[in-house]
Amino acid sequence: MPQMPKYADYMLPTLQILRDLGGSGAVEEIEDALIARLGLHENLLHETYPKSGAPIVSDRMSWARTYLKNAGLVESGGRGVWLLTEEGWRAAENRAEDVKRHVLDAHKVARAAFRKRPPGGEEGGSATALSEFYDIAEGSADWADQLLSVLRRLTPAAFERLCHRLLRESGFVKVEVTGRSGDGGIDGTGVLRMNLISFHVLFQCKRYAGSVSSPTVRDFRGAMQGRADKGLILTTGSFTADARREATRDGAPAIDLIDGAALCELLKERAMGVRVEPVVIERVRVQPDFFAEI
């Protein structure tokens with residue numbers, strides 16, 4: 001059985017992939033490239049956490065990006081796009097161990113700023129600290145993880161209604177939820193107007209914790225043949241590499257795929273169940289001239 005890569009195993013390859021992409025890349029591009037570069041076996045892509053059911057590979061890739069961001073090597077450009085920083089460009093030329101050490105040091109500094117470390121806890125980069133860093137416990141979720149957890153607890157009908165509203169908020173008109181069984185997985189229809197042109201779109205909603213596979217995409221395409229201009233699949237999970245290839249296969253109608261990460265960003269942008277609160281940081285500067293004049 002192939003071994004599951006740890007969080008840190010994705011770090012240097014992520015930097016190198018962003019470098020090769022010209023300094024920026026969408027989550028989909030980065031993860032597909034990581035799967036290819038590391039030669040991840042299909043069995044690993046389907047492995048999920050026992051508690052949440054979330055795909056382990058995608059989750060660890062996501063955490064790798066988060067830790068690289070905290071270390072100042074990458075930054076989020078919004079809309080699922082990640083950017084390589086100046087320091088990240090330089091780090092992409094380093095050894096994997098150097099990148100891991102850099103990120104671990106940044107992680108330790110951040111932790112020290114928020115809580116007092118126990119005596120003898122992590123000084124000197126102990127083996128305990130390294131073990132904790134490479135095997136981060138599942139459950140320390142950020143806002144997107146929390147949102148996905150809520151979405152996955154919705155009933156299928158409620159999730160379809162959410163997608164219905166999201167499409168309306170995104171510029172679709174004549175949006176209808178059909179949800180008829182035996183209809184090839186088609187959950188609804190809508191019309192997307194772009195200036196003078198309109199596209200008839202069929203959509204499918206997948207309230208998944210795991211990955212949507214290529215047969216699902218293939219079956220959906222078969223059901224939409226001759227009935228729509230485009231297809232759209234929205235999921236709270238992810239898509240396998242084969243599913244993404246099937247969605248853009250040459251000679252077949254393209255199907256757009258919205259995975260859990262992209263879905264969270266869309267809900268955030270439209271303030272649907274997500275409230276963004278600006279954080280004001282106080283910056284204090286000492287003015288020596290004031291004291292010199294006393």
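Numbers at a glance
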quantity	calculated
Inter-probe distance in nm under a simple model that places probes 7 Å from Cα toward Cβ, at E269 and F290	4.4 nm
Within the accessible area of the stretch 9-83 (1.4 Å probe), percent carbon and sulfur	47 percent
Highest to lowest packing among 192-200, 262-270, scored as the average C-beta count within 10 Å	262-270, 192-200
Reach of K174 by Cα under 17 Å, taken over aspartates and glutamates that are not fewer than 8 positions away in the same chain	E160, D187, D229
Potential lengthening between D20 and A223 on full extension [0.36 nm per residue; Cα-Cα distance subtracted]	69.3 nm
Phi to ³J(HN,Hα) by Karplus 6.51 cos²θ - 1.76 cosθ + 1.60 over the stretch 274-280, Hz, x for Gly, Pro	9, 10, 9, 10, x, 10, 8
Amide H contacts of Y208 (H built 1.01 Å from N, under 5 Å, at least 5 apart or other chain)	T236, G237
Label-point separation, I281 to H41 (7 Å along Cα→Cβ), nm	4.4 nm
Rounded, prolate or oblate (a/c below 1.5 giving rounded, otherwise prolate when a/b exceeds b/c) for the stretch 191-239 by Cα gyration tensor	oblate
Cα gyration tensor, the stretch 148-216 - rounded (a/c under 1.5), prolate or oblate	prolate
Whether the stretch 1-111 is rounded, prolate or oblate, judged on the alpha carbon gyration tensor where a/c under 1.5 counts as rounded	prolate
Carbon + sulfur, % of accessible area of the stretch 151-250 - ligands and nucleic acids excluded, 1.4 Å	49 percent
Environment charge at G190 (Cβ cut-off 9 Å; Lys +1, Arg +1, Asp -1, Glu -1)	+1
Mean Cβ count within 10 Å, highest first, over the residues of peptides 14-22, 31-39, 236-244	236-244, 14-22, 31-39
Highest average packing first - 58-67, 251-260, Cβ atoms within 10 Å	58-67, 251-260
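The values are calculated or read from the model by the stated rules, or taken from the named source; none is laboratory data. Here the structure is a predicted model, which means the values were calculated and not measured. When we count neighbours, we look across all protein chains shown, and the Cβ atoms used for this are built from the backbone with ideal geometry, even at glycine. The protein model used for the area step is the full one, side chains on, heavy atoms only, and it has no ligands, DNA or RNA in it. Shrake-Rupley method; radii C 1.70, N 1.55, O 1.52, S 1.80 Å.
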